[in-house]
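Visitor: Handing you a structure now.
The values are calculated or read from the model by the stated rules, or taken from the named source; none is laboratory data. Predicted model only: the values in this text are computed from it and were never measured. Using ideal geometry, Cβ is built from the backbone for each residue, glycine included, and neighbour counts are taken over all protein chains shown.
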Amino acid sequence: MVKKKELLIEITNKCPLNCVFCSSHSNLRKNSFINKKTIKKILLDAKRLRIEKIQLSGGEPFQHPDIDELIGFILDKNFELEIYTCGSVFSNGNYQSIPEDILNKYRNSPNLTLRFNFQTIDKEVYGLLTQSNFALENVINSIKSVEKFKIKTEVHIIPTNLNISQLDETIDFLLNELKVTHIKILRLIFHGRAKEHSKDLIFDEKALYQNILRLKQKYSNNKVEIGTAFSILSNSCIDCQAIISKYMITTDLKLFPCTAFKNRTNCYVKIDKQNSLKKIISHKRINRKIQRFNENLDCSYCLNSIDCVEICPIQKLICKNIIKRDLTNHLFQSKVVQLNKEV
């Protein structure tokens, strides 16, 4: 199946939360925004490149002063739009859920989806992960508002040592109480703030493997999708889509192959007056960056390359660059079992 080409844009690094796993180091003290003129120029280039899906991220996209206008512009250009949100905004000195006046404008929009960061139903753990005491209540209220206005709703969960024991309860709450139609389980990358908090977030490899495998067996990928970075444990696409169908842009206008690469200093091309999005992609400049990255990737740290089952190049890299337990051995064992069954 050919995947739709998608472009993720981090339109701001400002966010009311201070999540310990945030790859962008976002929080309320940050104040960078891509101006709407630049975003619109990027979007017009994306249309010429036949990119079909736009993803707005941050930081918190709803903190951008022009978010309402940008949503309208993107939908008017017939893109599919996905907005990644924590479900909270800081406005007029208060932490609150997403304003309903904005949501109401886009009720029943067939091409709009809001993807919520929802890590656990446990309030205490939610507070530890987001370093806030308001996030859980706000995200629940925001999801209810989005449902009320008939806007498609999805949720992302990143299993860590802090929330893995509540996975079942959290998924049950999302599916049955909040009526969320799709949940995606993402694999934690120890970069950004997650690297700083790795001692708190690092998981027991056996527990993570067993939980992911159980979810895969229990739910269809229409309800609970296991992300590509989980390699052969994934129930969705099991091929790296960086520069094939995925691109991402940070708030400082760096174009990366995908979000996993965003903290690598040798894997981006800067968008500026001389280098537009269209020019960079058309001339395959970003392709050469990732090609060199893959050529320099030494996988001899854990398994012979012929047996390696990791898909994501960054997951391969951090296995050797960060001292941590990982799924690598369990994924390999799973491959062996799978091959034996086929024989």
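Visitor: For LYS5, all conditions in the list (1) within 19 Å of THR113 (Cβ to Cβ); (2) modelled with pLDDT of 95 or more hold save one; what is the number of the exception?
Guide: Failing condition for LYS5: (2).
Visitor: Can you pull out the residues in the stretch 184-212 that are under 30 Å from GLU147 (Cα atoms) and either without any contact (Cβ under 8 Å) to a residue 24 or more places away in the chain or over 19 Å from the mean Cα position of the chain (by Cα) (or both)?
Guide: ASN211
Visitor: While we're here: Looking at the stretch 31-48 only, could you name the residues that are of a type in the set (Val, Ile, Thr) and assigned to a helix (DSSP H, G or I)?
Guide: Listed by number, the residues that qualify are THR38, ILE39, ILE42.
Visitor: Which of the helices (runs of 4 or more DSSP H) contained wholly in the stretch 119-183 include at least 1 residues that are acidic (Asp, Glu) and in contact (Cβ under 8 Å) with a residue 12 or more places away in the chain?
Guide: Per the criteria, 135-148, 167-172.
Visitor: For residues that are surrounded by fewer than 16 Cβ atoms within 10 Å (Cβ to Cβ) and either in contact with a helix residue (DSSP H, G or I) (Cβ under 9 Å, 6 or more places away or on another chain) or at pLDDT below 95 (or both), tally how many sit in the stretch 240-269.
Guide: Total meeting the criteria: 3.
Visitor: Continuing with this model, one more query. Can you name the condition, by its number, that VAL20 falls short on among (1) free of Cβ contacts under 8 Å to residues at least 60 places away in the same chain; (2) touching a His at 6+ places or on another chain (Cβ under 8 Å)?
Guide: In the conditions (1) free of Cβ contacts under 8 Å to residues at least 60 places away in the same chain; (2) touching a His at 6+ places or on another chain (Cβ under 8 Å), VAL20 misses (1) alone.
Visitor: I'm trying to understand the selection: among the residues of the stretch 221-270, which are of a type outside the set (S, T, N, Q), over 21 Å from ARG292 (Cβ atoms) and touching a Ser or Thr at 6+ places or on another chain (Cβ under 8 Å)?
Guide: Matches in the stretch 221-270: LYS223, GLU225, ILE226, GLY227, ILE232, LEU233, CYS237, ILE238, ASP252, LEU253.
Visitor: Search the stretch 26-40 for residues being among the basic types (Lys, Arg) and under 17 Å from ILE71 (Cβ atoms), and hand back the single one that is surrounded by the fewest Cβ atoms within 10 Å (Cβ to Cβ).
Guide: The qualifying residue surrounded by the fewest Cβ atoms within 10 Å (Cβ to Cβ) is LYS37.
Visitor: So, of the residues in the stretch 203-220 that are part of a loop (DSSP other than H, G, I, E, B) and modelled with pLDDT under 90, which turns out to be farthest from HIS25 (Cα to Cα)?
Guide: The residue in question is ASP204.
Visitor: Quick one: what pairs do we get from the stretch 263-281, first residue within 15 Å of ARG48 (Cα to Cα), second acidic (Asp, Glu), C-beta under 9 Å, 6+ apart or different chains?
Guide: Note: pairs meeting the criteria are SER276/ASP45; LEU277/ASP45; LYS278/ASP45; LYS279/ASP45; ILE281/ASP45.
Visitor: Taking the stated definitions as given, is ASN18 polar (S, T, N, Q), more than 20 Å from the chain's Cα centre (by Cα) and farther than 17 Å from ILE249 by Cα?
Guide: no
Visitor: Looking at TYR106, TYR95, TYR84, can you tell me which residue is surrounded by 17 or more Cβ atoms within 10 Å (Cβ to Cβ), over 30 Å from LYS278 (Cα atoms) and touching a residue at least 24 places away in the same chain (Cβ under 8 Å)?
Guide: TYR95
Visitor: Evaluate the following for LYS278: is it touching an Asp or Glu at 6+ places or on another chain (Cβ under 6 Å) and modelled with pLDDT of 70 or more?
Guide: Against the criterion (touching an Asp or Glu at 6+ places or on another chain (Cβ under 6 Å) and modelled with pLDDT of 70 or more), LYS278 qualifies.
Visitor: Looking at the stretch 109-144 only, could you name the residues that are of a type in the set (S, T, N, Q), closer than 26 Å to SER165 by Cα, touching a Lys or Arg at 6+ places or on another chain (Cβ under 9 Å) and buried (at least 16 other Cβ atoms within 10 Å of the Cβ)?
Guide: Residues satisfying the conditions do not exist here.
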